[in-house]
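Participant: Got a structure for you, questions after.
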Amino acid sequence: MPEKTRKEVQPQAREFFDKGLAALRKDNLDYATKLFEQTLRREPGFFECREALRLNQFKRAGKKSSIFKMFGKTASTSLLPKGQLALKKDPIEAIEVAEQILNEDPYSVMGNKLLADAATEAGFPRTAVFAWDLVMKQQPDDKAYTMRYCQALLDNGEIAKAEETCLALAKEHPGDQEVQQLSKNMTANRTLSEGGYDKVASGEADYRAVLKDEEEAVLLEQENRRSEQESTAENLIREYEQRIEADPDNLQLIRSLAELNCRVNEFDRSIEYYERFNKINLRSDAAVDRAIVDTRLMQFDWQIKQAGEGEAGKLEAKRKRFEMEQIHRLSERYPSDLSLRYDLGALQFEAEETTLAIQSFQRAQANPHREIASLMYIGRCFARRGMNDMAAGTLQKALDKKEVMDDERMDLLYQLGCVLDSMDRKEDAIEQFKIIYERDIGYRDVAERVDAYYASLG
């Protein structure tokens, strides 16, 4: 399963996540932990939630006494064998064990290493790099860890950073055959990748990813010779700004500067570079226009984190209005981009603009990656309007297309069960809930519903 953004996770997971953020802002750290854990159980690839959980863990660790920390570390270390065993059979379970360890000691090298290994096995490259980053801060001189860190960076598309790290490692271990082979692999990987792709605005690909022409490839080679100490975003910004003076129409550099400035919370500067990109490009670019909107949304999120409770509420309302307006504008400007139409539908659903949401999801379902999720939303819209027979039919259609028993299928089963229950088809409803019960007894109120049913039988 791929890693997901906030917009891509299931509604209930998004609800838990938002409540967790609110609890985190209020320093209600234990409650935030539970909410983030509930979110990740449903959406283990939800990277933003994992970042929030880690911040929460760091804050909790800072409030514990040294004695508590000492005993906590002892207890958490005992979980490692369980995690290693799970790693071989179920990487998602291993991730959960790793987070239990990190709940007690977020700085744990072994806990973060377990998370990195499990994330790699689960196909979560951003999570793997995230965990390895923390390992490397604790043990920057470990050759084996550094080599695996390089591989994780490659898996996540961070080619330049992987090469840079490998180069520093080679300087520390001259003549080491393993390191030299890794360096050769890095060079080969870059060579194969050159000339290739343009989608970096999402942040999932390296912001200095493959360059389009020979001149830029030379510049990248120069970057790879810099020392490890010069690898921060701030230093890259300064270096790119120097380059742009000599090559003011270089779209790759402009886009990289936009992304880097966003990373360091210079949101207005970031947008200036995106707008400069559009001006020079002389054609509409949906990815860049979406990046501008996303940057503004990140700016809102940053401001909300800094604000007091009262001001935060006002900013959140303003953020919602802005997002609705801008996603609607982009979906009209780029009608063939069905992911935008899906995002608009989700916003309309949350705003209880049900008819408009139905229209958006009916268009979005033409995207094969959004078909099942769109059908689920359409079913929920029909149910909200009291069209339960149509809701049941739509949800069943989605279930017929969803064969794998994952969180999305459980959500579909739950929604269908609720609709059937509203139609007074109790036996049919309970059959849906029983399927969920067999897999996850703690899912929503399923246990209560199923237990009540059997109690009624006498």
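Nothing in this text is a laboratory measurement; each read-out follows from the coordinates by a stated rule. Note that the structure is predicted; figures quoted are calculated from it, not measured. Note that each Cβ is placed from the backbone with ideal geometry, even for glycine, and that neighbours are counted across all protein chains shown.
Participant: GLU325 - would you say it is under 30 Å from ASN56 (Cβ atoms), assigned to a helix (DSSP H, G or I) and of a type in the set (D, E, K, R)?
Facilitator: no
Participant: Collect the residues in the stretch 387-412 that are within 16 Å of ALA13 (Cα to Cα) and either touching a Pro at 6+ places or on another chain (Cβ under 7 Å) or buried (at least 23 other Cβ atoms within 10 Å of the Cβ) (or both), keeping them in residue-number order.
Facilitator: Those that are within 16 Å of ALA13 (Cα to Cα) and either touching a Pro at 6+ places or on another chain (Cβ under 7 Å) or buried (at least 23 other Cβ atoms within 10 Å of the Cβ) (or both): ASP411, LEU412.
Participant: Quick check on my filter: what residues within the stretch 1-14 are part of a loop (DSSP other than H, G, I, E, B), out of contact with any Lys or Arg (no Cβ under 7 Å at 6 or more places or on another chain) and of a type outside the set (S, T, N, Q)?
Facilitator: MET1, PRO2, LYS7, GLU8, VAL9
Participant: On to the next question. Are any of the residues in the stretch 429-437 of a type in the set (Ser, Thr, Tyr) and in a loop (DSSP other than H, G, I, E, B)?
Facilitator: No, that holds for no residue.
Participant: If you go through the stretch 15-37, how many residues are part of a helix (DSSP H, G or I) and without any contact (Cβ under 8 Å) to a residue 24 or more places away in the chain?
Facilitator: 9
Participant: While we're looking at this one, here's another question. Among the numbered criteria (1) in contact with a Ser or Thr (Cβ under 6 Å, 6 or more places away or on another chain); (2) surrounded by 17 or more Cβ atoms within 10 Å (Cβ to Cβ); (3) of a type outside the set (A, V, I, L, M), which one does ARG384 miss?
Facilitator: Against the list (1) in contact with a Ser or Thr (Cβ under 6 Å, 6 or more places away or on another chain); (2) surrounded by 17 or more Cβ atoms within 10 Å (Cβ to Cβ); (3) of a type outside the set (A, V, I, L, M), ARG384 comes up short only on (2).
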